[in-house]
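The values are calculated or read from the model by the stated rules, or taken from the named source; none is laboratory data. Small disclaimer: the values here were computed from a predicted structure and weren't measured. Please note: Cβ atoms are built from the backbone with ideal geometry, for glycine as well, and neighbour counts cover all protein chains shown. Surface areas here come from the heavy atoms of the whole protein model, side chains and all, with no ligands, DNA or RNA. Shrake-Rupley method; radii C 1.70, N 1.55, O 1.52, S 1.80 Å.
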Amino acid sequence: MAKITASVFTSHVPAIGAAMDLGKTQEDYWKPLFTGYEYSKQWMKDNKPDVIILVFNDHATAFSLDMIPTFAIGTAAEYTPADEGFGPRPVPKVMGHPDLASHIAHSVIQQDFDLTIVNKMDVDHGLTVPLSLMCGEKDPVKDSWPCPVIPFAVNVVQYPVPSGQRCFNLGKAIRKAVESFDEDLNVHIWGTGGMSHQLQGARAGLINREWDNAWLDQMIADPVACAATPHIDYVREAGSEGIELVMWLIARGAMSDVSYDATDLEAARAHSVRVAHRFYHVPASNTAVGHLILENN
Ligand code: DHB
Ligand code: FE
């Protein structure tokens with residue numbers, strides 16, 4: 001049986017990818033950000049998954065106003081890093097896992113979630129920046145990512161976007177799907193995007209540390225309550241692009257979701273998830289970077 005053992009949550013700011021590609025990670029501006037991912041890169045080596053389900057959003061790269069799937073699963077054998085205007089990032093192509101992806105599509109659609117099936121897609125910074133942060137610099141030709149990746153795209157760009165509640169429920173359906181796959185696979189699920197940021201309009205540059213950290217506390221300890229956060233709260237408190245955070249609830253929904261008193265660490269250890277790593281940094285470009293690694297108990 002395949003099993004989801006851990007989840008990773010991280011922002012996906014495109015300038016982070018550019019800083020890595022241009023060799024700027026040790027500059028004063030970037031160093032504190034990359035230091036926060038040192039633990040994570042080692043953790044990835046120590047806890048290498050067989051497959052990553054990577055929940056991300058496409059930023060009008062593979063999709064456009066021509067076609068806007070709310071949820072889309074990549075069933076292809078491989079995906080090319082997209083050209084977002086400055087040429088494709090110099091990173092390895094992303095190998096898929098068509099067998100597990102088509103099994104998830106089948107199971108999740110039968111559980112009443114409508115997924116778009118994607119057999120050809122270029123992947124933008126929403127997917128490649130989290131991989132770079134967690135796996136470090138990679139030569140586009142000589143290296144490869146540590147394991148196959150199933151891209152799972154969510155529309156958080158063009159309204160209407162799905163609620164946190166629906167994303168959380170979808171995560172549960174994905175867990176059920178994975179657990180009904182015959183092969184013994186160690187699966188990780190990643191939720192990406194966020195945290196607070198707004199890229200345009202009168203409130204451009206908005207950052208809300210207090211709200212971000214309270215949301216993280218609740219997402220870890222009481223995901224059921226967190227899932228009920230209304231859409232307007234994300235936009236008001238975390239900025240228009242803060243809505244990317246609903247994608248984190250897909251990954252959280254796929255994990256153990258027993259709620260507990262955040263001050264009762266024994267209960268947390270016994271029943272729910274273990275926080276292997278937590279990091280928060282402001283700013284990276286216009287964004288508050290949040291990062292978590294959760295392991296299932
Ligand atoms: C930035 C952040 C994003 O999530 C994104 O998709 C594009 C830009 C930024 O902070 O620059
Ligand atoms: Fe984004």
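Being out of contact with any strand residue (DSSP E or B) (no Cβ under 6 Å at 6 or more places or on another chain) and not in a loop (DSSP other than H, G, I, E, B) is the filter here; which residues of the range 197-212 pass it? Selection gives ARG209, GLU210, TRP211. For the range 11-26, the candidate set comprises residues that are more than 22 Å from LEU216 (Cβ to Cβ) and of a type outside the set (Gly, Ala, Ser); within that set, the residue that is farthest from ligand 1 (Cβ to nearest atom) is GLN26. Out of all the residues in the range 175-199, which are loosely packed, with under 15 Cβ neighbours inside 10 Å and either among the small types (Gly, Ala, Ser) or within 16 Å of ligand 2 (Cβ to nearest atom) (or both)? Passing the criteria: SER180, LEU199.
Filtering SER272, SER240 for residues that are over 19 Å from the mean Cα position of the chain (by Cα) and at pLDDT 65 or above leaves a single hit, SER272. If you check ILE73, ILE117 for being among the β-branched types (Val, Ile, Thr), assigned to a strand (DSSP E or B), more than 16 Å from ligand 2 (Cβ to nearest atom) and open to solvent by less than 10 Å² (accessible area, probe 1.4 Å), only one passes: ILE73.
Right, ASP233: surrounded by fewer than 23 Cβ atoms within 10 Å (Cβ to Cβ) and under 26 Å from CYS147 (Cα atoms) or not? Outline the logic, then answer.
On the way: surrounded by fewer than 23 Cβ atoms within 10 Å (Cβ to Cβ): yes; under 26 Å from CYS147 (Cα atoms): no.
Considered against the rule, which asks whether it is surrounded by fewer than 23 Cβ atoms within 10 Å (Cβ to Cβ) and under 26 Å from CYS147 (Cα atoms), ASP233 comes out as no.
In the range 141-158, which residue that is part of a loop (DSSP other than H, G, I, E, B) and among the hydrophobic types (A, V, I, L, M, F, W, C) is farthest from ASP46 (Cα to Cα)? Among residues in the range 141-158 that are part of a loop (DSSP other than H, G, I, E, B) and among the hydrophobic types (A, V, I, L, M, F, W, C), the one farthest from ASP46 (Cα to Cα) is VAL157.
Considered as a group, the residues in the range 26-45 that are assigned to a helix (DSSP H, G or I) and more than 20 Å from the chain's Cα centre (by Cα) include one that is nearest to ligand 2 (Cβ to nearest atom), and that residue is PRO32.
Checking the stated criteria, GLY126 turns out not to satisfy the condition of being within 16 Å of ligand 2 (Cβ to nearest atom), exposed (fewer than 15 other Cβ atoms within 10 Å of the Cβ) and under 29 Å from ALA284 (Cα atoms).
Every condition in (1) out of contact with any strand residue (DSSP E or B) (no Cβ under 8 Å at 6 or more places or on another chain); (2) open to solvent by 10 Å² or more (accessible area, probe 1.4 Å); (3) part of a helix (DSSP H, G or I); (4) among the small types (Gly, Ala, Ser) is met by GLY23 except one, and the failing one is (3).
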